[in-house]
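The values are calculated or read from the model by the stated rules, or taken from the named source; none is laboratory data. Predicted model, so just to flag it, every value in this text is computed and none were measured. All Cβ positions, glycine included, derive from the backbone under ideal geometry; neighbour counts span all protein chains shown. For accessibility, only protein heavy atoms count, side chains too; no ligands or nucleic acids. Shrake-Rupley method; radii C 1.70, N 1.55, O 1.52, S 1.80 Å.
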Amino acid sequence: SPRHMCMQSLFHEEWSRAFGATQGSADALTYNPTDVFLGFPFPLENSFSSDYPLTYTERRQQFLMDMQVGATTAYGMLHQPSADERMIIEFRKFHDRANLEVANAYGWDEVPTACGFGLDYLDLEDDARLPNDLQERIDSGELFFWNAGDALDFQSQLQAYGAITGRCKLPWRYRWPDSVTDDVLARLLALNAQRYEEEQLQGVTQAKPKFRKSR
């Protein structure tokens, strides 16, 4: 359904990361129904111009069946730049299409929905000494790479200088660059505020989330 596809899209994921609570580590998110689900301004049901949302759930299930893995394993592979099997690449394209469909439903055709591989945080060994250019990139927070090869090169450099252990998996995420995420969150917040005001006039109370973190 359109709503299910939207909840699986980066629009809802980034909203959840911004407004959901964390437990322990930075990537241990708690899905709070009030702040995350009720406060999320879904696109209107009749705003989707194709039948893609109607077949989304069936297509997604077919991918999982073809890969012969569960959803957790499949999404773990989707986010890892080292996973380059044909089915995983197609799975990423499947989600790219879903993001594009949601953007179009909002009427935000100008939002670039292309994804790459990014790190939301980076924990390094305390005694690691890195070359200046590599350290400067880390200090600047430029931890996004458009293609898998560049992401893997960055990871290999960290391993070569002992900044991460050989068994350590970096918390890669197949996502938008930060500038796009910030823009999308600003748009969603504005839409939430608009709908909140409209529903207040109608005597209906809608959840209005409080922003949990800034980038």
Review point. Could you give the nm distance between label points at Leu38 and Asp126, where each point is 7 Å from its Cα heading toward the beta carbon?
Key: 4.4 nm
Review point. When all protein chains stay in place, what accessible area (Å², nearest 10, 1.4 Å probe) is found for Tyr56?
Key: 0 Å²
Practice item. Report the relative contact order of the stretch 110-171, percent, no decimals, based on alpha-carbon pairs under 8 angstrom and at least 6 residues apart. Key: 49 percent
Check your understanding: Using a 1.4 angstrom probe and counting only protein chains, how large is the accessible area of Glu198 in Å², to 10?
Key -> 80 Å²
Practice item. Using a 1.4 angstrom probe on the protein heavy atoms only, line up Met5, Met77 by accessible area, largest first. Key: Met77, Met5
Check your understanding: On a 0 to 90 degree scale, rounded to 10, what angle separates helix 178-201 from the longest Cα axis of the chain?
Key -> 20 degrees
Review point. Angle, helix 52-67 long axis vs. longest principal axis of the chain, Cα atoms, 0 to 90°, nearest 10?
Key: 30 degrees
